[in-house]
1. Give me the pairs: first residue in the stretch 43-56 and in contact (Cβ under 8 Å) with a residue 40 or more places away in the chain and β-branched (Val, Ile, Thr), second residue loosely packed, with under 14 Cβ neighbours inside 10 Å and part of a helix (DSSP H, G or I), beta-carbon distance under 7 Å, and six or more apart or on different chains, which are they?
2. Just to verify a result, which residue in the stretch 26-58, among those that are among the acidic types (Asp, Glu) and surrounded by 11 or more Cβ atoms within 10 Å (Cβ to Cβ), is nearest to residue 70 (Cα to Cα)?
3. Within the stretch 7-27, is there a residue that is within 16 Å of the ligand (Cβ to nearest atom), charged (D, E, K, R) and outside any helix (DSSP H, G or I)?
4. Only one of these is within 25 Å of residue 26 (Cα to Cα) and not β-branched (Val, Ile, Thr): 98, 137. Name it.
5. For the stretch 82-122, give me the residue count where each residue is surrounded by 12 or more Cβ atoms within 10 Å (Cβ to Cβ) and either hydrophobic (A, V, I, L, M, F, W, C) or on the phi > 0 side of the Ramachandran plot (or both).
6. Can you pull out the residues in the stretch 84-111 that are more than 15 Å from the ligand (Cβ to nearest atom) and of a type in the set (Lys, Arg)?
Amino acid sequence: MVTIRSMDLEDTVEVYKLGKVAFIDENKDKESFAYSYWSLSAVVNFVENYIDLTFVAEDNDEIVGFVLGHPTYEKMELGYLEWVAVKSTHRKLGVAIKLIDAIQQAFVARGLNSIVTDIKQDNIASLSLFEKKFGFKVIESINFLKKDLS
Ligand SMILES: CC(C)(COP(=O)(O)OP(=O)(O)OC[C@H]1O[C@@H](n2cnc3c(N)ncnc32)[C@H](O)[C@@H]1OP(=O)(O)O)[C@@H](O)C(=O)NCCC(=O)NCCS
């Protein structure tokens, strides 16, 4: 059975590896910029600074999913859900729903009154998850711009 618990420093390497597969390897064909800045140091930073906003999903002692967030935009009382991923073997079983429920409660416990995330337009699974299951609404779209300097 999959259970949700707070993350700790010992989980960081496993979470990094799971995220590398979900964000980098699974998007290799698309060469996605949006999913290119995943790093172990970023994962450690979440745990060191926002331990109450980091959760893992576990199945028989194996980490099969995680969610990482942080408070943001001083005075706006916003929680930012930065990263969520579930191992491919455990998808479509409601694991992401459990993880997002957990971080929503943690944002409320911090006194934050809304939650923001960003999703690529072609990430159908994630859009469906946030819009249909949790009632998120798209508020703005941005473009990444790039110029070759060589
Ligand atoms: C997005 C992701 C986290 C969903 O995890 P999951 O545990 O499979 O999601 P759940 O089982 O909790 O699904 C809940 C809802 O999400 C949506 N969803 C999940 N997978 C979907 C898919 N492949 N296609 C369409 N909708 C999907 C559905 O609305 C689903 O509800 P339903 O089962 O009633 O149709 C997972 O696919 C993943 O890790 N993707 C790669 C990482 C990523 O893109 N993260 C988001 C950006 S940070």
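1. What qualifies is 47/9.
2. Filtering the stretch 26-58 for residues that are among the acidic types (Asp, Glu) and surrounded by 11 or more Cβ atoms within 10 Å (Cβ to Cβ), the one nearest to residue 70 (Cα to Cα) comes out as 52.
3. Pass one, the stretch 7-27, residues within 16 Å of the ligand (Cβ to nearest atom): 7, 14-27.
Then keep just the ones that are charged (D, E, K, R); that gives 14, 17, 20, 25-26.
Subsequent filtering for residues that are outside any helix (DSSP H, G or I) retains none.
Looking for residues that are within 16 Å of the ligand (Cβ to nearest atom), charged (D, E, K, R) and outside any helix (DSSP H, G or I), one finds none in the stretch 7-27, hence no.
4. Working: 137 fails: within 25 Å of residue 26 (Cα to Cα).
Of the residues listed, the single one that is within 25 Å of residue 26 (Cα to Cα) and not β-branched (Val, Ile, Thr) is 98.
5. 20
6. Taking the stretch 84-111 and keeping what is more than 15 Å from the ligand (Cβ to nearest atom), we get 105-111.
Listed by number, the list holds a single entry, 110.
The rows are residues; the columns are (1) closer than 29 Å to residue 146 by Cα; (2) within 15 Å of the ligand (Cβ to nearest atom); (3) modelled with pLDDT of 95 or more; (4) aromatic (Phe, Trp, Tyr).
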position: 41; (1), (2), (3), (4): yes, no, yes, no
position: 57; (1), (2), (3), (4): no, yes, yes, no
position: 64; (1), (2), (3), (4): no, yes, yes, no
position: 68; (1), (2), (3), (4): yes, yes, yes, no
position: 71; (1), (2), (3), (4): yes, no, no, no
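To keep it simple, each residue is scored yes or no on (1) free of Cβ contacts under 8 Å to residues at least 60 places away in the same chain; (2) within 15 Å of residue 19 (Cβ to Cβ); (3) within 12 Å of the ligand (Cβ to nearest atom); (4) not hydroxyl-bearing (Ser, Thr, Tyr).
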| site | (1), (2), (3), (4) |
| --- | --- |
| 82 | yes, yes, yes, yes |
| 113 | yes, no, no, yes |
| 116 | yes, no, no, yes |
| 125 | yes, no, yes, yes |
| 140 | yes, no, no, yes |
| 144 | no, no, no, yes |
| 149 | yes, no, no, yes |
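The values are calculated or read from the model by the stated rules, or taken from the named source; none is laboratory data. Quantities reported herein were computed from a predicted structural model and do not represent experimental measurements. Note that each Cβ is placed from the backbone with ideal geometry, even for glycine, and that neighbours are counted across all protein chains shown.
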